[in-house]
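The values are calculated or read from the model by the stated rules, or taken from the named source; none is laboratory data. Just so you know, these numbers come straight off a predicted model, no measurement behind them. Using ideal geometry, Cβ is built from the backbone for each residue, glycine included, and neighbour counts are taken over all protein chains shown. Side chains are part of the model used for accessible areas, which takes the heavy atoms of the whole protein and leaves out ligands, DNA and RNA. Shrake-Rupley method; radii C 1.70, N 1.55, O 1.52, S 1.80 Å.
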Amino acid sequence: MSALQDKHAEVQSNAAYGVGAFIETATIDASPYFGDVLKALFPLIQMTDNTNNARDNAAGCVARLILENADAVPLSDVLPAWIGALPIRGDHLEDLPVYDAVCYLLKNKRSEVSLVNTLMAVLKQAMSDPDTLFTEESRQYLGSL
């Protein structure tokens, strides 16, 4: 977790990816640590640039937290910053968990999703970018909105 605060963007980026991958594959309930993870990711999500894909990897990590246990994520606090970091601009492998998480939220937590209009504008931009990756299920669902 300390690597998320490293002075080098490449280390931060790799750490964000690694934490997300751990959350995604853990065989234990990691949700008690979500608050600490989110606190460490916040500066990366707020970055104005995407040096070494740090913001993209942080957005992917948040998506993995949502997919793992959305009830353990304070959505009203997290979603405005997370949506503001989208769409993914460089590391398009992060598109997959991000847009799966968006679909999950729209299907299951829509009343908690603030900034729906902003999110829809992000989705329109992402869907028009030929580099954006989607799972087939996400592509179909988002295409139906």
Can you name every residue in the range 32-46 that is open to solvent by 20 Å² or more (accessible area, probe 1.4 Å), in contact (Cβ under 8 Å) with a residue 24 or more places away in the chain and either under 21 Å from Leu96 (Cβ atoms) or among the charged types (D, E, K, R) (or both)?
Asp36, Leu38
State all residues of the range 71-126 that are over 14 Å from Ile45 (Cα atoms), part of a loop (DSSP other than H, G, I, E, B) and among the aliphatic types (A, V, I, L, M); if no residue qualifies, say none.
Val73, Val113, Leu115
Checking Ile28 against (1) β-branched (Val, Ile, Thr); (2) open to solvent by less than 10 Å² (accessible area, probe 1.4 Å); (3) not in a helix (DSSP H, G or I), which single condition isn't satisfied?
(2)
Extreme residue, most open to solvent (accessible area, probe 1.4 Å), among residues of the range 130-145 that are in contact with a helix residue (DSSP H, G or I) (Cβ under 9 Å, 6 or more places away or on another chain) and not in a loop (DSSP other than H, G, I, E, B):
Glu137
So is Val122 modelled with pLDDT under 95, under 15 Å from Ser138 (Cα atoms), buried (at least 17 other Cβ atoms within 10 Å of the Cβ) and not aromatic (Phe, Trp, Tyr) or not?
yes
Do we have Lys7 as open to solvent by 80 Å² or more (accessible area, probe 1.4 Å), at pLDDT 95 or above and either farther than 27 Å from Lys124 by Cα or touching a Phe, Trp or Tyr at 6+ places or on another chain (Cβ under 7 Å) (or both) here?
no
Within the range 47-63, the count of residues that are surrounded by fewer than 24 Cβ atoms within 10 Å (Cβ to Cβ) and of a type outside the set (Ser, Thr, Tyr) comes to 4
